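Asker: Dumping the structure here so I can ask a few things about it.
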Amino acid sequence: MKKVLACSFVVLLVTFFLTAIASAHTPLCSCYDNGDGTITCEGGFSDGSSAAGVNMTVQDKSNKVLTKGKMNEDSEFNFKKPDGPYKVIFDAGPGHVVEVNGEDITE
């Protein structure tokens, strides 16, 4: 009986730590209008990790790619503001994608 309780406790403890580790790397991305016809997006992760090298894509409303690039060493991505509706996609891999609607980007 003690062995079963001890094993159950270990399983719960391991589950708790794995859950904490899995949720500690949430992607973050915010964009703002520079007021000069360009947009800057800043990215990172909730655990403080850099987003340098993360793939960035700007698409129009029909999902046509307007601009592609990567976050720079400062975890920033700059691009010319499109004329029509658009969205910005921060893509750090499965489960780590953030979409920012162009309508939500302000100065």
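Asker: May I ask you to list the aspartates and glutamates whose Cα is less than 18 Å away from that of Lys80, ignoring any residue fewer than eight positions away on the same chain?
Answerer: Straight-distance partners of Lys80: Asp33, Asp36, Glu42, Asp60, Glu99, Glu103, Asp104, Glu107.
Asker: Another one. What's the ranking of 87-94, 67-74 by average number of surrounding C-beta atoms within 10 Å, highest first?
Answerer: Those peptides, ordered most packed to least, come out 87-94, 67-74.
Asker: Using the 10 angstrom Cβ neighbour count as an exposure proxy, how do Tyr86, Tyr32 rank, fewest first?
Answerer: Listed from fewest to most nearby Cβ atoms, that is Tyr32, Tyr86.
Asker: On to the next question. For the stretch 52-67, in order, what is each residue's ³J(HN,Hα) by Karplus, 6.51 cos²θ - 1.76 cosθ + 1.60 with θ = phi - 60°, in whole Hz (x at glycine and Pro)?
Answerer: 3, x, 5, 5, 10, 9, 10, 10, 7, 5, 9, 6, 6, 6, 9, 8
Asker: On to the next question. For the pair Leu66 and Lys80, how long in nm is the line joining their label points, each one 7 Å along Cα→Cβ?
Answerer: Simple spin-label model gives 1.1 nm for this pair.
FYI, it's all coordinate maths here, none of it is from the lab. This structure is a prediction, so every number in the text was calculated from the model and none was measured. For neighbour counting, all protein chains shown are included, and Cβ atoms are generated from backbone atoms with ideal geometry for every residue, glycine included.
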